[in-house]
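Remarks on the structure that follows.
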Amino acid sequence: EVQLLESGGGLVQPGGSLRLSCAASGFTFSTYAMSWVRQAPGKGLEWVSGISGSSDNTFYADSVKGRFTISRDNSKNTVYLQMNSLRGEDTAVYYCAKGLGWFDSWGQGTLITVSS
Amino acid sequence: EIVLTQSPGTLSLSPGERATLSCRASQSVSLSYLAWYQQKPGQAPRLLIYDAFSRAAGIPDRFSATQSGTDFTLTISSLEPEDFALYFCQHYGSSPPRLAFGGGTKVEIK
C-alpha cells in the first residue's frame, strides 16, 4: 500500500522559511516523479512543484518560482519542499503526491500558515 | 497556459439522480491528458479518472467520463450518499509540466 506522510508544517511569519518533508513507502520511490500540490483554505487545488525520479529535472509553478526549491533523497524515500520568502498567499494545506501527471496517491497534507 | 473552467459551481441533487459535471479547457489540450478527482472535507483528493476517461483502480462504474474537443464531462450515473463531495478536473502532459486544476464543482444534497 502506498503511503505518503508529510511533515514540517506550522505557523511562520511573512518573509520566513520552512521545509516540508514527505516520507514515501509502498512503491519503488526512485522510479517515480513526485509533486507538491497546495490548497488554500476553502479554495481549489494548485500544483506547486514537481521533480523527476532521478532529480535531474525540477519544475515550478510561476507563483513559487525563485522562492521554493524541491528536492529528494532516494536513499530515504523522501521528497522535500524548501519554502523561502513566504507570503500570506502561501497559506495552504500542502499535499505530497505521487507522479507528475495524474496523482493516484496523496498524503494527508500539512498546513502552512503565513502570518505575523 | 491552459485554464480549466468547471461548471456548475454547485450541483444540488438527490441520491439516485444523475450528476453531470463539466470541465472546459481554454485551448486544445495535449491528447486526452485530463484527470478527475473527488475530495471530501478534511481529506486529500482521490483520483477517479485519468487520461480523460479511464477509471482509476477501485472506482465504481457509476463514474464515467467523456471528452469532446476541449469539453470534458464527468458523469455519476446514480448518486450514492458518499458521492456528495467536491470534484476537480486537472490537465497534465504539457512540456515542461504546467499542471492545472479547475476551480471545482460541489455536488451537494438537495
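The values are calculated or read from the model by the stated rules, or taken from the named source; none is laboratory data. The shown structure was predicted, so the numbers you read here are calculated from the model rather than taken from an experiment. So basically every Cβ, Gly included, is an ideal-geometry build from the backbone, and we count neighbours across all protein chains shown. The accessibility values were calculated without ligands, DNA or RNA, using every heavy atom of the protein model including side chains. Shrake-Rupley method; radii C 1.70, N 1.55, O 1.52, S 1.80 Å.
Tabulated results
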item	result
Contact order normalised by residue count of chain A, Cα under 8 Å, 6+ apart, percent	37
The protein assembly as shown, accessible area per residue, ligands and nucleic acids excluded (1.4 Å, Å²)	45
Portion, in percent, of the accessible area of chain B that falls on carbon or sulfur, probe 1.4 Å	48
Cross-link pairs A:Lys43/A:Lys65; A:Lys65/A:Lys98; A:Lys43/B:Lys110; A:Lys98/B:Lys110 - those with Cα-Cα distance over 25 Å	A:Lys98/B:Lys110
Charge-dipole axis of the protein assembly as shown as Lys and Arg at +1 and Asp and Glu at -1 on Cβ define it, positive-most pick from A:Leu111, B:Leu48, A:Thr28	A:Leu111
Kirkwood-type radius of the protein assembly as shown, with distances r between different C-alpha atoms, in Å	17.9
Fraction of antiparallel bridges per DSSP, the protein assembly as shown only, in percent to nearest 5	90
Geometric extent, Cα atoms of chain A - Rg, Dmax (angstrom)	13.1, 40
Interface area, A with B, accessible, probe 1.4 Å, both sides summed, Å² nearest 100	1500
Estimated dipole of chain A in Debye, rounded to 20 [Cβ of Lys and Arg +1, of Asp and Glu -1, Cα centre]	200
Size of charge dipole - chain B - debye, nearest 20, with Cβ of Lys, Arg +1 and Asp, Glu -1, no other charges	100
For the range B:85-96, 3J(HN,Hα) per residue [Karplus equation, 6.51 cos²θ - 1.76 cosθ + 1.60, θ = phi - 60°, Hz, x = Gly/Pro]	5, 9, 10, 10, 9, 8, 9, 9, x, 6, 10, x
Sites matching GluC sites (Glu not before Pro) across the range A:1-77 that sit in DSSP coil, with at most 13 neighbouring C-beta atoms within 10 Å	A:Glu1
Trypsin sites (Lys or Arg not before Pro), loop per DSSP, at most 15 other Cβ atoms within 10 Å - longest free stretch of chain A	A:1-42
Nearest-20 debye value, the protein assembly as shown charge dipole, Cβ charges on Lys, Arg, Asp, Glu	300
Mean projected area in nm² (Cα convex hull; one quarter of hull surface) for chain B	6.5
Residues in the range B:67-110 occluded by at least 50 Å² - accessible area, probe radius 1.4 Å, against chain by itself	B:Pro97, B:Arg98, B:Leu99, B:Phe101
FRET E, pair B:Glu82, A:Thr113, Förster distance 45 Å, beta-carbon r, rounded to 0.05	0.90
Residues in the range A:38-64 occluded by at least 10 Å² - accessible area, probe radius 1.4 Å, against chain by itself	A:Gln39, A:Gly44, A:Leu45, A:Trp47, A:Phe59, A:Tyr60, A:Asp62
Mean-position separation - Cα centroids, the range A:61-99 and the range B:1-53, in angstrom	25
Residue among B:Leu21, B:Phe101, B:Leu79 farthest towards the positive dipole end of chain B, charges placed on Cβ	B:Phe101
